[in-house]
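Contents: one structure, followed by commentary.
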Amino acid sequence: MTAIPRVLIVDDQPGDIGWLVDRIVERGYEVVLATNEQAARERLQAAKDGREKYATAILDVMVAAMDLEDLMDLDEKFFVDSEDTGIRLARFARKELGISARQMPIASLTIRDDDRVKMAMKELGIPLFHRTPSTEREDINRFIDKHLPSR
Amino acid sequence: MSFFTTILERPTDRDFWERLAPAIKNQLGYRVVSLYPFPAGSVSPEFKPLVQQARRERSSKIRESAQRLGRGALLHAALWDGNDVSLGLSLRGRLSPEVSEQLLELGQLLGLRRQLGAQQVAARLESRIGQSLSGQERRTLRADLRVITRVLIEEAPALHGALLVAFDDEEYPLAVAASGLAVEGDSSLRQLWQFGERLATESGWTPVPVSDWMRFTGKATARTLRIEGGYGGLLILDVEAGSPDGYLAQEAVEQCLSYLAATIGVSIQLEAAAWLQKLHDLAKTELEHKPLRLDHLVHRLNELFSSGATTLFLRVQSELRLAATTDPHLEACEEVVYQPGEGLTGHLFNSGQSLRLFDTEDPDEVRRKTGLERRGPAHPEGPFVGGVTARFLAISIHSGERVVGVLRMCREKGQPKFNLQDEQALRFFGDLLGTALAFALESLIYDCIMGSTSVALAVSCREPTADGGFLPRTFLTNAGAQELLGGSAEELDGLDAREFYAPGAYRRLEDRLEKAFRQAASRRESVEVKPVLSRIRRRDGTFRMVRISHRIVVDRRVHPPSFYTIGLARDTTESLIHAAQHERLMAMLNEMGIAYFRCNSAGYTLESSPAEGRITGFSEEDLAGIKRDALYVNPAERKRLMAEARSNSPRLIESRQQLRRKDKDEIWIAGALRQIKDAAGKESFEGLYRDVTDRLKLQTFLNASTDRLLPEKELNQKLRENAEFHLDYLSSVGHQLLTPLSSLLGNLENWKNLLPQESTILRRMPYIVGQARVCARMVKNLSFMDKILRGESFQREWISMAQLAIETTLDFQHLLDAGKLRLDIDKPSLERLLVVRVHREMLRQVVVNLVDNAIKYSRPRSKITIRAFERRDGHVFDIKNRGLPIPHEIREKIFERGFRSRKAKMIPTGTGLGLWLVRRIVEAHDASIRCRVLAEQGGEWNHFHILFPHSHHRFRRRSFR
């Protein structure tokens, strides 16, 4: 039996994108949620190793670096900024792990459309969508239609 | 030998000579043929050669004459007594060695006897003269001389008359007295004077043989006396010449001469002293009179000296001008001026000596005493002869070494000459007068000098010129003027003062000066010309701006009055530059809104710039009337500042102060203050400041400390940070708004295409509502933030915090669910303790933000508790959660705007605005908030405590009743 294909969503406030989760689930996919950068890295590593398989990955550009529970036990020196967590993750997947777009298409979501993020994502060949859906713009729904056909 | 002893026993016995002939016969056994005591004039012809020989050889001569007519031999003897031939003898008998020896011895004895006799008489004379003089009450020279002559004729034998004259140094009689000798009027005196002249020119003061001036009295002898102090005396005696007593008297008087000279000397001194006393008294009354009454003075002198005319000239610059005179002719003259060396007066001005003349018209006398070739009277004062005739006495008046005037007096011909005593007395008076005059003149000018603190001072005297104009000739410059004009005192002396001005500069002053001169001429006191700006030409040709004032001083002691101009100048070149700089600087400060002030230590404003008026609202007039303490919100601050400025003097101290404007508004100023001292050491303070109220408000707005004024750089940094923060904040708010909005939209989009099952709607609905509320909450945050920042007032109402907390919880249900968190609200404690009078929506925002915060930073599955508790100082709203422990050092910082801890930054949802707004709202309600971390129930809990102080509570109770 073929396993239900999975979609990796990286977002620390999944309540806000409940609608997106709903849509993907309705198309017959299973959503795997990573709420922080650390968890996301683990999932991406597993995908690279072949332990896990994802149809696509959707990254929030600004996601918590790690969960609050873990954060409380860390020393100062481990602190990293959560500003560019999405970029770091995308770079990790494409450059460090070498996961190609063919192997796993990745989309990114952002609330800001600042140039720095746009440039970084364009360089990695990852489309950047607004978290707010809009009919006038290229939005995440098109990406879903393209890569996650209803089953 | 018994005879010889008796010779010496009574040396002045008048019958001695009768007893001598029998005594010689007894002693020698020779009959005396003839006996001539003191053979002066008439002796027998046969005796004459012998007497002459004895006198020539100064020894006794004895000769035996040829025997004739059988009468036996005759012995002739001229006996020398050691001083003169005192006895001529003719004895009948032959010469033998014994006789010869005894005669020689007799001659010696006679000499001894004469000396003894003369000494006895002289002693008696001296004692009587002494007694008589000391018994007199008022001694004058003339009276003393009379006493002496009387005693002489009374006491000395064979002395029938005596005349005594005291002469001054020019052999001019000071006084004459005679007893038993007639001296008649002027002719006698004139003859005495001529005699004195001869003595002075021919034989001096040595005794003159009687025969040489027999023509004068016929039978008189005379002696001259040398008296101390340049005086002389002449004693003329009418004595029985050739008689033994006459000889004795002469002898006695001879011995008395030095005593007489000393006695007359004392008399002269006493008389001179009395004379000086009179002048001293005159000086005392006249010279101490202020101002000097010179007219009065010359009249008094004229009277005292029995003078025909007395005139006083004073020095003005290099000439003498008439000051006062008793001579009506001179007084009527328009101008009486003597140049140095001009006439006798001018001669005295030059020589600085005194001069006494018997006859001014005697060219010889004038030449002898002055070296001048005087051809008759030549009075500079005019063609008239006036009182200046014949007898002349003049002295130069000194002040130090400088001749300041000439005092002269004269008598007409036929009047007595001025004598040495007169001269000495007048010189004495002249010295006193010189001192008084010098003091008067110097004080006149010196007062003006001393009265001025000006840098430069030059005095010029207005001298008339030949063309009817005048020349202000400089004669006195102080160091300041020498510096200003660039020349030494010698170089400036005598220059035309008008040349000190730049071309045209004097012309502008001229009218004012002329007016002042006219005023000075008509008034008694000096006239001042008010300071004006003018330009001075220095000796090197450069110019200096000066502030110059003039004083016109009139010396009215001379006629016509002489005018002095005293120029007082201050170099203002530099001060003008400084003043201009100062003015520009003040204008700049004014433009920059920086106030300048200067005040005294009592706090009264001495100077205030317009900027100060703008800042404080007090005008310069207002400030002049109030103490500056009134400007301070805390008046004690000013005293403290002054003390600090004093201890740091002369450095500036910086300070920031709260002032109260005239309209009672309180403002903040920042500036610097320092103590200054003027030349006299008087203290004042000056300072600069600017209004920094707005700046401090800005700093407050920027969350910067208001303890100090931030430097521009720091402030700019803060402003930039603030602007960046606002941009960040806006985008962050946008982000946060967009997230729930897009969630709402996403759901609605989904449902637009395909209406979901009812179960899905029910599952999603709380999220959707929650997201919408979050949006509303954030928009409210923005609006409250605006309200708080603007400091707007707001309405309050009584609110139960319990109710507010419960309402708020509902909004967060979905977030609580997502984090699997539990929120406990201790309703009873909140209801019991926290019913507060607040703005409902603002307080709601406080609770919302605190709960939002707690949810954001709480561990999953942990508990958040809201409760109230009572404290000594008030009631506390407490919200606690278990989350990121907040380190001690940032527990205050988390309330600052834009602050997020490094750990919180790992969670990308906060804006750093929530807690800041919480604190602002809480403080606007007179409550306070703080963050605490407390260990309880096995872990660390973050607490946020809002303390509503008792004032809230009491107020509530009261109003509820």
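Where a number appears in this text, it was derived from the coordinates with a stated rule and is not lab data. What you see is a predicted model; the values in this text were computed from it and never measured. So basically every Cβ, Gly included, is an ideal-geometry build from the backbone, and we count neighbours across all protein chains shown.
In percent, what relative contact order does chain B have, based on Cα pairs under 8 Å that are 6 or more apart in sequence? Dividing the mean separation by the residue count of chain B yields 4 percent. Coupling constants for segment A:47-63 follow from the phi torsions by the Karplus curve (6.51 cos²θ - 1.76 cosθ + 1.60, θ = phi - 60°), and in residue order they are 4, 5, 6, x, 6, 10, 9, 10, 5, 9, 10, 10, 10, 7, 5, 10, 10 Hz; glycine and proline get x. Taking every alpha-carbon pair within the protein assembly as shown, the share separated by more than 47 Å comes to 67 percent. Note on segment B:630-693: along the principal axes its Cα atoms extend 39, 18, 17 Å, ordered by decreasing extent.
Kindly put B:SER267, B:SER306, B:SER549, B:SER759 in sequence by how many other C-beta atoms sit within 10 Å of each C-beta, fewest to most.
B:SER759, B:SER306, B:SER549, B:SER267
With each label modelled as a point 7 angstrom along the Cα→C-beta vector, the B:ASP281-B:GLU361 pair spans 3.7 nm.
Output the pairs from A:LYS95/B:LYS893; B:LYS290/B:LYS682; B:LYS780/B:LYS863; B:LYS639/B:LYS697 with a Cα-Cα distance over 30 Å in this structure; if there are none, say none. Check vs 30 Å cut-off fails for A:LYS95/B:LYS893; B:LYS290/B:LYS682. Each principal axis of the Cα cloud of segment B:816-940 was evaluated for its coordinate range; sorted largest first, these ranges are 38, 31, 27 Å.
Bridgeable lysines around B:LYS515 (alpha carbons under 22 Å apart, same-chain partners fewer than 8 residues away excluded): B:LYS530. For a test of the definition: using alpha carbon positions, the gyration tensor, and the 1.5 limit on a/c, classify segment B:534-662 as rounded, prolate or oblate. The shape class here is prolate.
For chain A, the 222 nm mean residue ellipticity estimated from helices alone, with every DSSP H stretch of n ≥ 4 adding -39500 (n - 2.57) and the total spread over all residues, rounds to -9500 deg cm²/dmol.
Dividing the summed -39500 (n - 2.57) terms of all DSSP H runs of n ≥ 4 by the residue count of chain B sets its mean residue ellipticity at 222 nm at -14500 deg cm²/dmol.
Rounded, prolate or oblate, given the Cα gyration tensor of segment B:852-901, with a/c below 1.5 counting as rounded? The shape class here is oblate. Between the Cα long axis of helix B:185-198 and the first principal axis of chain B there is an angle of about 80°, rounded to the nearest 10. Counting beta carbons within 10 Å around each of B:ILE799, B:ILE669 and listing the fewest first gives the order B:ILE799, B:ILE669. Residues B:THR760, B:THR285, arranged from fewest to most other Cβ atoms within 10 angstrom of their Cβ, appear as B:THR285, B:THR760.
What percent does the relative contact order of segment B:528-665 come to when contacts are Cα pairs within less than 8 Å and at least six residues apart?
Relative CO of segment B:528-665 lands at 13 percent.
The relative contact order of chain A comes to 24 percent, based on Cα pairs under 8 Å that sit 6 or more residues apart.
Over segment B:450-523, the ratio between the Cα radius of gyration and 2.2 N^0.38 Å evaluates to 1.17. Kirkwood's formula applied to the C-alpha pairs of segment B:53-116 gives a hydrodynamic radius of 12.1 angstrom. With 0.36 nm allotted per residue and the present C-alpha distance subtracted, the B:ASP926-B:ARG796 stretch has 45.6 nm of extension available.
If I stretch the segment between B:ASP13 and B:VAL532 completely, what's the gain in nm (0.36 nm per residue apart, minus their alpha carbon distance), one decimal?
176.7 nm
Relative to the longest principal axis of the C-alpha atoms of chain B, give the angle of the C-alpha long axis of helix B:141-155, reported between 0 and 90° and rounded to the nearest 10°. Taking the Cα atoms of chain B, the angle to B:141-155 is about 30 degrees. Each label was represented as a point 7 Å from its Cα along the Cα-to-Cβ direction; for B:LYS664 and B:GLU46 these points are 15.5 nm apart. Taken one residue at a time, the phi angles of segment B:520-533 give Karplus couplings (6.51, -1.76, 1.60, θ = phi - 60°) of 4, 5, 9, 10, 8, 8, 6, 10, 10, 9, 4, x, 9, 7 Hz. Gly and Pro are set to x. One quarter of the convex hull surface built on the alpha carbon atoms of chain B amounts to 83.3 nm², the projected area averaged over directions. Evaluated at q = 0.11 Å⁻¹, a Debye calculation over the C-alpha positions of segment B:96-182 (equal weights, vacuum) places log10 I(q)/I(0) at -0.47.
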